[in-house]
Amino acid sequence: MDKKMNILMFSGDYDKALAGLILANSAKEMDMEVSIFFAFWGLLLIRKPNGAREENKSTYEKLFANMTPKNIEDLPLSKMNLAGLGKKMLLEMMEENHAPTLTDFLKGALNKGIKMMACKLSCEIMGFSEDELLEQVEIVTAQDYLKDAIESDIQLFI
Amino acid sequence: MDKKMNILMFSGDYDKALAGLILANSAKEMDMEVSIFFAFWGLLLIRKPNGAREENKSTYEKLFANMTPKNIEDLPLSKMNLAGLGKKMLLEMMEENHAPTLTDFLKGALNKGIKMMACKLSCEIMGFSEDELLEQVEIVTAQDYLKDAIESDIQLFI
Amino acid sequence: MDKKMNILMFSGDYDKALAGLILANSAKEMDMEVSIFFAFWGLLLIRKPNGAREENKSTYEKLFANMTPKNIEDLPLSKMNLAGLGKKMLLEMMEENHAPTLTDFLKGALNKGIKMMACKLSCEIMGFSEDELLEQVEIVTAQDYLKDAIESDIQLFI
């Protein structure tokens, strides 16, 4: 199949990231070309574990890097409080059904060669350098994102 | 018009569901073909009223089914607290302007023959069986969603 | 470049509005045609400063107009509480990196001639009249939005 999907992953919520990565993996399994552009909170999904660097960070950037979850499994739900449903409950339900975790889907995406891009401006504002991000990730501009999106058959903002 | 719109309804928020269903109804009135794929919290929009089944549900699935709003009019806003604006206020403003409710727009979508699909993986995780969902809803995979989305002129993630 | 992007700006969150307006400005700089359709909370982005009118507003509409931020710089983040990161911190980080504010990007969009549309139904429900919105904004229906979106190469729901 000669089709292409482009996802702009703005959210850093566990459930939304799960949705985005499930779609990305499914599309790649159908032989679609898939790109994900991580911006704003989405950057929290592609940090290298234990890759945090303190040098060259301002006080706010250090605080931000330290206060946000370093392990993607610790990211919050977009709806923590919907009728009291907590994230623990969702994870239990996923486990009961042998559903893969967010980490599994991210590894799948990396192994399958899904194109991973990080938003340059977001990286600058949040103080993330390229060597703090997963090796497969390339830092690109909003215009690079747009060029990729224009060529895609499906574009989603998540 | 030989055009097609595909909506991925991830959210279970009253206001976002309203936006999605207004677009779906409007597109159908313009003779566009319209599909909606309900995933994650979006499943809360297409439960059969009084259709809940306890059998075959795990403890967490029972809790989830019981704790989440059974009537779609009871779904929360995405911005409950924006400047203190509550949902009651939005509903009053809608009523003053004789705007249809979410229930009206959902009925409209069903009557107009808009294609309704539920995400298989989400149903499994949340423990919803096909007979708990509205009759018009078909349970399909993420790949089925993607096939439908590829053929569409407009794709939105809501 | 003979390409076109259409954004449905549903959100009134500072960070999401920033993402939408950065994309819109970037696309316009690449000579793409760009339209933004502001609906629901998105209307809060295009109010005329000091343009509020009390006449013809119901009690709820007056309350709504007064309780919501009149200056777009006062709009909240979509993730106020993610790990305690507050909006002040994001603004400090933006300033450190000499990143433009939301106001700058909105001005840029207006100056560049990006097409600005407001959702008619949302305006009616929230009680906003055309003269309370920025001069460049035209009030149109959901069907007008759909016609514009169909002709676009990229459609995003933000």
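Computed from the coordinates by the stated procedures, all read-outs in this text should not be read as laboratory data. As the structure is a prediction and not an experimental result, all values here were calculated from the model. Cβ atoms come from the backbone with ideal geometry, glycine included; neighbour counts cover every protein chain shown.
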Multiplying the sequence separation of residue B:138 and residue B:2 by 0.36 nm and subtracting their Cα-Cα distance, what value in nm do you get? 46.6 nm
Assigning unit charges at the beta carbon (Lys, Arg +1; Asp, Glu -1) and nothing else, what dipole magnitude in debye, to the nearest 20, does region B:18-66 show about its Cα centre? 260
Tell me which residues come under 5 Å, amide H to amide H, from residue B:34 once H is placed; ignore anything under 5 positions away on its chain. B:5, B:115
Chain B, relative contact order [Cα under 8 Å, separation at least 6], %: 39
Taking +1 at the Cβ of each Lys and Arg and -1 at the Cβ of each Asp and Glu, which of B:99, A:114, C:108 sits farthest along the dipole of the protein assembly as shown towards its positive end, judged by Cα position relative to the Cα centre? B:99
Please go through region A:29-65 and write out the GluC sites (Glu not before Pro) that DSSP classes as loop and that have at most 10 other C-beta atoms within 10 Å. A:54, A:55
Ratio to report: Rg/Rh of the protein assembly as shown, with Cα atoms as the point set and Rh obtained by the Kirkwood method; give two decimals. 0.94
Binning every alpha carbon pair distance of region B:83-158 at 10 Å from zero, what are the percents per bin? 14, 32, 32, 21, 1
Cα convex hull of region C:37-104: mean projected area in nm², to one decimal? 6.1
If each residue of separation counts as 0.36 nm, what is the full-extension length gain between residue B:129 and residue B:58 once their alpha-carbon separation is subtracted? 24.3 nm
Using a ≥ b ≥ c from the Cα gyration tensor of region C:5-69 (square roots of the eigenvalues), is it rounded, prolate or oblate, where a/c under 1.5 gives rounded and otherwise the larger of a/b and b/c decides, a/b for prolate? prolate
Nearest 20 debye, what's the magnitude of the dipole of region C:16-158 about its Cα centre given +1 on Lys and Arg Cβ and -1 on Asp and Glu Cβ? 420
Measuring from the lowest to the highest alpha carbon on each principal axis, how far does region B:95-139 reach, largest first, in angstroms? 40, 21, 14
Return the loop-located trypsin sites (Lys or Arg not before Pro) in region A:67-140 (DSSP other than H, G, I, E, B) with at most 16 other Cβ atoms within 10 Å of their own Cβ; answer none if there are none. A:70, A:112
DSSP-assigned coil residues among GluC sites (Glu not before Pro) in region A:129-158, each with at most 16 further Cβ atoms within 10 Å: A:135, A:151
Please report, in Å, the Rg and the Dmax of region C:26-158, where both are computed over Cα atoms only. 16.2, 45
